[in-house]
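Visitor: This is the structure, below, for whatever I ask next.
The values are calculated or read from the model by the stated rules, or taken from the named source; none is laboratory data. Keep in mind that what you see is a predicted model, and the values were worked out from it rather than measured. Cβ coordinates were reconstructed from backbone atoms using ideal geometry, including for glycine residues, and neighbour counts include every protein chain displayed.
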Amino acid sequence: MTDRATDIAATLAKLAALLAEQEQPAPQPDRTVRAMPSRVLLTVEEAAEQLGVGRTTAYALVRSGELESVRIGRLRRIPKEAINTYAARLVQQPQQNAA
């Protein structure tokens, strides 16, 4: 009876190995992964993160007009270029005051 149990166990192991080979997923057609395009407009929170300031400060800059923004419906967005322009102005201010 032990020989029969050993034979059954060996047969089941072979069957399991065959099933595992058949369950390999079929190769997928070659798909190229495209990167997401970079966004042109950022939320005020994202702009604050880019500038390294708090959300409240970013909203104050928008409110005062120091940081350019646009409205899209009810949304307020900051163009990426406006962040660069604002940062460049900040860098130039000390040099202008020193001259």
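Visitor: Please go through (1) modelled with pLDDT under 75; (2) under 17 Å from T85 (Cα atoms); (3) not hydrophobic (A, V, I, L, M, F, W, C) for D30 and return the number of the only condition it doesn't satisfy.
Guide: Only one criterion in (1) modelled with pLDDT under 75; (2) under 17 Å from T85 (Cα atoms); (3) not hydrophobic (A, V, I, L, M, F, W, C) is unmet by D30, namely (2).
Visitor: Follow-up question, since we're still on this one. If I ask for residues that are surrounded by fewer than 16 Cβ atoms within 10 Å (Cβ to Cβ) and not polar (S, T, N, Q), which ones from the range 81-99 would you list?
Guide: E81, A87, A88, R89, L90, V91, P94, A98, A99
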